[in-house]
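The values are calculated or read from the model by the stated rules, or taken from the named source; none is laboratory data. Quantities reported herein were computed from a predicted structural model and do not represent experimental measurements. Neighbour counts run over all protein chains shown; Cβ positions are idealised from the backbone, glycine included.
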Amino acid sequence: MTQFAHDKVVPLSDSELSKKEQVADMFDNIAYRYDFLNRFLSAGIDIQWRKKAIKQLKDIDPKKILDVATGTADVAIMTARILQPEQIIGIDISDGMLSFGRKKIDKLGLGNLIELLNGDSETINFPDNSFDAVTVAFGVRNFQNLEKGLSEIKRVLKPGGKLVVLEFSKPKAAVVKQVYNMYMNVVAPSMGKLFSKNRNAYKYLDESIKKFPEGKNFTTILDQLGYTHTYCKPLSFGICSIYCGVK
């Protein structure tokens, strides 16, 4: 499996824990503020990004969906409303995030439709050809091995099943880039520290975005792993991108 630069980016460079363990700990620590910070730091635009990503699945009308790196289940809940599938399973390595997600699901009365499980993208505990669609929102940067995670996702997709990835990317236009860099280097870490007492989480966010193989590089990886009909849709001047591929 190829190693990519972002695979080696970790929240704490002096820690002996693996990337996977560090990411799980980091999200456990910020789980109680995660939803608030997402809305606050993106001025609510992240909700529109998620909706646009989910709508990439409308053409296949999936009945059984896996949401990888589900976090607090934002995408799983939105998917239930927009696509009305028969079953959604969300997996995540952070028990802290899953705990908050389960509370949201119970409060909305969606417990019979959405199930959250502790699970790892690189060893998905389901048989081959289990799901009509797989979603990953802001999670692929956190994979310890990107190719391994994407290969596992392909394994559990049914033939003709679709992967939709939503991930941060870097804007290309000079003015937008300047504002974006200031925001990611100064505003986000400061707000992260103020509201969640964890500046490292938002420094890690910036560093992992900088080294992530975005745009054409990402669709090329999907192509090389055997996905077909791959495409990329940049959103909000390229701050975020949707990537899709079919098994």
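Quick check on my filter: what residues within the stretch 82-108 are touching a helix residue (DSSP H, G or I) at 6+ places or on another chain (Cβ under 9 Å) and either without any contact (Cβ under 8 Å) to a residue 12 or more places away in the chain or among the polar types (S, T, N, Q) (or both)?
Ser94, Ser99
Can you name every residue in the stretch 1-28 that is assigned to a helix (DSSP H, G or I), in contact with a Lys or Arg (Cβ under 8 Å, 6 or more places away or on another chain) and either among the small types (Gly, Ala, Ser) or more than 22 Å from Leu166 (Cα to Cα) (or both)?
Going through the stretch 1-28, the residues assigned to a helix (DSSP H, G or I) turn out to be 5-8, 19-28.
Of the ones still in play, those that are also in contact with a Lys or Arg (Cβ under 8 Å, 6 or more places away or on another chain) are 5-8, 19.
Within the stretch 1-28, Ala5 is the sole residue that qualifies.
Considering Ile82, Ile88, which residue is among the hydrophobic types (A, V, I, L, M, F, W, C), farther than 18 Å from Tyr243 by Cα, over 15 Å from the mean Cα position of the chain (by Cα) and in a strand (DSSP E or B)?
Working: Ile82 fails: in a strand (DSSP E or B).
Selected residue: Ile88, the only one of Ile82, Ile88 that is among the hydrophobic types (A, V, I, L, M, F, W, C), farther than 18 Å from Tyr243 by Cα, over 15 Å from the mean Cα position of the chain (by Cα) and in a strand (DSSP E or B).
Spot the failing condition for Met26; the list is (1) under 19 Å from Tyr204 (Cβ atoms); (2) in contact with a strand residue (DSSP E or B) (Cβ under 7 Å, 6 or more places away or on another chain), and only one is missed.
(2)
Taking the residues in the stretch 167-219 that are assigned to a helix (DSSP H, G or I), modelled with pLDDT of 75 or more and among the polar types (S, T, N, Q) as candidates, determine which candidate is farthest from Ala69 (Cα to Cα).
Gln178
Take the stretch 4-55 and flag every residue that is at pLDDT below 75 and among the polar types (S, T, N, Q).
Passing the criteria: Asn38, Ser42.
Give me the pairs: first residue in the stretch 172-184 and closer than 15 Å to Asp206 by Cβ, second residue at pLDDT 70 or above and surrounded by 11 or more Cβ atoms within 10 Å (Cβ to Cβ), beta-carbon distance under 8 Å, and six or more apart or on different chains, which are they?
Lys177/Lys170; Lys177/Pro171; Tyr180/Lys170; Tyr180/Pro171; Tyr180/Ile239; Met184/Leu205; Met184/Asp206; Met184/Ile209
So, in the stretch 132-148, exactly how many residues are outside any strand (DSSP E or B), in contact with a helix residue (DSSP H, G or I) (Cβ under 7 Å, 6 or more places away or on another chain) and surrounded by 19 or more Cβ atoms within 10 Å (Cβ to Cβ)?
6
Which members of the stretch 94-131 meet the condition of being surrounded by 21 or more Cβ atoms within 10 Å (Cβ to Cβ) and touching a Lys or Arg at 6+ places or on another chain (Cβ under 7 Å)?
Listed by number, the residues that qualify are Leu116, Phe131.
I'd like the full set of residues that are more than 14 Å from Asp120 (Cβ to Cβ), basic (Lys, Arg) and at pLDDT 95 or above, limited to the stretch 136-166.
Kept after step one, since they are more than 14 Å from Asp120 (Cβ to Cβ), are these residues of the stretch 136-166: 137-138, 141, 147, 154, 157-166.
If we keep only those that are basic (Lys, Arg) as well, we get 141, 154, 158, 162.
Within the stretch 136-166, Lys154, Lys158, Lys162 meet the criteria.
So, in the stretch 150-166, exactly how many residues are crowded, with 23+ Cβ neighbours inside 10 Å, part of a helix (DSSP H, G or I) and of a type outside the set (Val, Ile, Thr)?
1
Tell me the residue from Ala43, Ala53, Ala69 that is more than 16 Å from Glu167 (Cβ to Cβ) and aliphatic (A, V, I, L, M), please.
Values: Ala53 fails: more than 16 Å from Glu167 (Cβ to Cβ); Ala69 fails: more than 16 Å from Glu167 (Cβ to Cβ).
Going through Ala43, Ala53, Ala69 in turn, just one is more than 16 Å from Glu167 (Cβ to Cβ) and aliphatic (A, V, I, L, M): Ala43.
Quick one: which of Ile45, Ile54 is more than 17 Å from Thr135 (Cβ to Cβ), of a type outside the set (Lys, Arg) and within 16 Å of the chain's Cα centre (by Cα)? Working first, answer last.
Values: Ile54 fails: more than 17 Å from Thr135 (Cβ to Cβ).
Every option except Ile45 fails the conditions.
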